[in-house]
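First comes the structure, then the notes that go with it.
The values are calculated or read from the model by the stated rules, or taken from the named source; none is laboratory data. Just so you know, these numbers come straight off a predicted model, no measurement behind them. For neighbour counting, all protein chains shown are included, and Cβ atoms are generated from backbone atoms with ideal geometry for every residue, glycine included. Just the protein is used for accessible areas: all its heavy atoms, side chains included, with ligands, DNA and RNA removed. Shrake-Rupley method; radii C 1.70, N 1.55, O 1.52, S 1.80 Å.
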Amino acid sequence: MAVLFCLLLSACDGSRKKEEKPEGLILGFSQIGAESAWRKCNSLSIKEAAESRGVQLLFENAEQKQENQIKALRSFIVYQVDVIAFVPIVAGGWDNILKEAKDAGIPVLITDRKIETNDPSLFAGFIGTDSRQEGREAGLFLLRKFSSRKSPVRIVEISGTEGSSPAIGRAEGFREILEGHDDFQIIHSVSGDFLRSKGYELMRDILKRYDDINAVYSHNDGMTLGILEAIKEKGLSPGKDIVIITIDAEQAAIDALQRGEVNCVIECNPKTGPDIIDLAEKLARGESIPPLQHVQEQVFTEYDDLSGIEPRGY
Ligand code: GYE
């Protein structure tokens, strides 16, 4: 009688009880939105990998709001998924919800963007880009490009979403390399939120304010495409009158590099779906995973042979 009562209770409380669990892995994934071609490719990579590996994916799009992500994570906890993975839109503010996941015994994989926390036991591991290194690559390219210049190099930086780990890392790595090179001056730095439309609008306004910009460092290709448009509208030649450095390596940016409108493209690889599924499977089996895994990235510059770059597929 007691056993039957418990069974009835567990069937009625609305959550998915462990004993009802079907064979396959259930992964709850909270994505931040669809702000760029990079992001759309990232979402597709995860969906395709889950599908081909027979993983049941609960995929939530947070429409660029941290509160929506927190709601999604909470719903995954209530549903008792096997593993949670998410892209933290900004670095801070995750401790409470991660504590809830930990208390529920659900391992959490963080991907693409990093979090700031004093408690590393709140998540199992991270897989994604090394943003600080991307920023360093941008700085190193600029040093090379302007190595023989005698007058100051005036740089505009259009950064990503404020408080997000790629915006922080890309800004810090860049400054780390330029430190001590006093001729390299960041005359203007502003967030374009990783959006093409903002890249265009900001650059249009910046070009009204300054007429002596030597280089633009843009934290993603989406914004760069808007920046190129604004520069051309002004009657200037991007890549020649103004040196352009961009991050992501979507096809349109590679095309612009090959046309000479962009000088340096730093790759950020969005196709992490298969690795995410591998890691989620390990976590579901109770295995541990590396706490930090950075994906392979390349740098393409105007100094390279650009004929053989593989199609990026997005
Ligand atoms: O560079 C950008 C995107 O978080 C690293 O987010 C990612 C960035 C990527 O929308 O295009």
### Query
Under unit Cβ charges (Lys, Arg +1; Asp, Glu -1), what dipole magnitude, rounded to 20 debye, does the range 262-314 have relative to its Cα centre?
300
#### Entry: Listed residue pairs exceeding 28 Å between alpha carbons, taken from Lys47/Lys114; Lys114/Lys282; Lys65/Lys114; Lys145/Lys232; Lys65/Lys99; Lys40/Lys145
Lys40/Lys145
### Query
How large is Rg/Rh for the range 271-314, to two decimals, with Cα atoms and a Kirkwood Rh?
1.19
### Message
Starting from the 7 Å offset along Cα-to-Cβ, what nm value, one decimal, do you get for the label separation of Ser151 and Glu201?
### Response
3.3
### Task
Scan the chain and report its longest stretch carrying no GluC sites (Glu not before Pro) that are both in a DSSP loop and have at most 14 other Cβ atoms within 10 Å.
180-286
### Task
Kindly state, to the nearest 0.05, the FRET efficiency for Lys40 paired with Glu67, given R0 = 30 Å and r defined as their beta-carbon distance.
0.85
### Message
Report the gain in length on full extension from Gln133 to Asp183: 0.36 nm times residue separation, minus Cα-Cα distance, nm rounded to one decimal.
### Response
15.8 nm
#### Entry: Relative contact order (%) - criterion: Cα under 8 Å, at least six apart; region: the chain
18
#### Entry: Under the Debye formula (equal points on every Cα, no solvent term), log10 I(q)/I(0) of the range 84-232 at q = 0.11, 0.19 Å⁻¹
-0.50, -1.08
### Message
Rounding to the nearest 10 and keeping the result within 0 to 90°, find how far the Cα-based axis of helix 66-79 lies from the longest principal axis of the chain.
### Response
30
### Message
In whole Å, what are the extents of the range 34-117 along the principal axes defined by its C-alpha atoms, from largest to smallest?
### Response
32, 27, 18
#### Entry: Extension gain (nm, one decimal) between Glu162 and Asp255, 0.36 nm per residue minus Cα-Cα
30.7 nm
## Note on the structure
With the charge dipole of the range 13-156 built from beta-carbon charges (+1 for Lys and Arg, -1 for Asp and Glu) about the Cα centre, the Cα from Val78, Leu58, Phe126 projecting farthest to the positive end belongs to Phe126
### Query
In whole percent, how big is the carbon plus sulfur part of the accessible area of the chain, probe 1.4 Å, protein atoms only?
50
### Task
Enter the mean projected area of the convex hull around the alpha-carbon atoms of the range 65-168, in nm², rounded to one decimal.
7.8
### Message
Tell me the mean residue ellipticity at 222 nm calculated for the chain from its helices only (DSSP H runs of n ≥ 4, each -39500 (n - 2.57), averaged over every residue, nearest 500).
### Response
-12500 deg cm²/dmol
### Message
Show me the ranking of peptides 76-85, 119-128 by mean Cβ neighbours inside 10 Å, starting with the highest.
### Response
76-85, 119-128
### Listed residues Asn61, Asn96, Asn220, most fluctuating in the chain (Gaussian network, C-alpha, under 10 Å)
Asn96
### Query
Just how large is the dipole of the chain about the Cα centre, in debye to the nearest 20, putting +1 at every Lys and Arg Cβ and -1 at every Asp and Glu Cβ?
300
### Summary
Interchain or sequence-distant (5+) residues whose placed amide H lies within less than 5 Å of the amide H of Tyr314 are Gln251
### Query
How large is the dipole of the range 55-210 about the Cα centre if only Lys and Arg carry +1 and Asp and Glu carry -1, each at its Cβ, rounded to the nearest 20 debye?
740
### Message
Let me understand the chain better: what is its radius of gyration from the alpha carbons, and its Dmax, in angstrom?
### Response
22.2, 88
### Summary
Residue span Arg175 to Lys208: 0.36 nm per residue of separation minus Cα-Cα distance leaves a gain in nm of 9.3 nm
### Query
Which one of Lys145, Lys198, Lys47 has the biggest mean-square fluctuation once the chain is modelled by GNM with Cα springs under 10 Å?
Lys145
## Note on the structure
Over the range 229-293, with neighbouring protein chains present, the accessible area per residue in Å² at probe 1.4 Å is 40
### Query
Given that compact globular proteins tend to follow 2.2 N^0.38 Å, what is the ratio of the alpha-carbon Rg of the range 202-274 to that value?
1.12
### Task
Provide Rg over Rh for the range 181-314; use the alpha carbon set for both Rg and the Kirkwood Rh (inverse mean inverse pair distance).
1.08
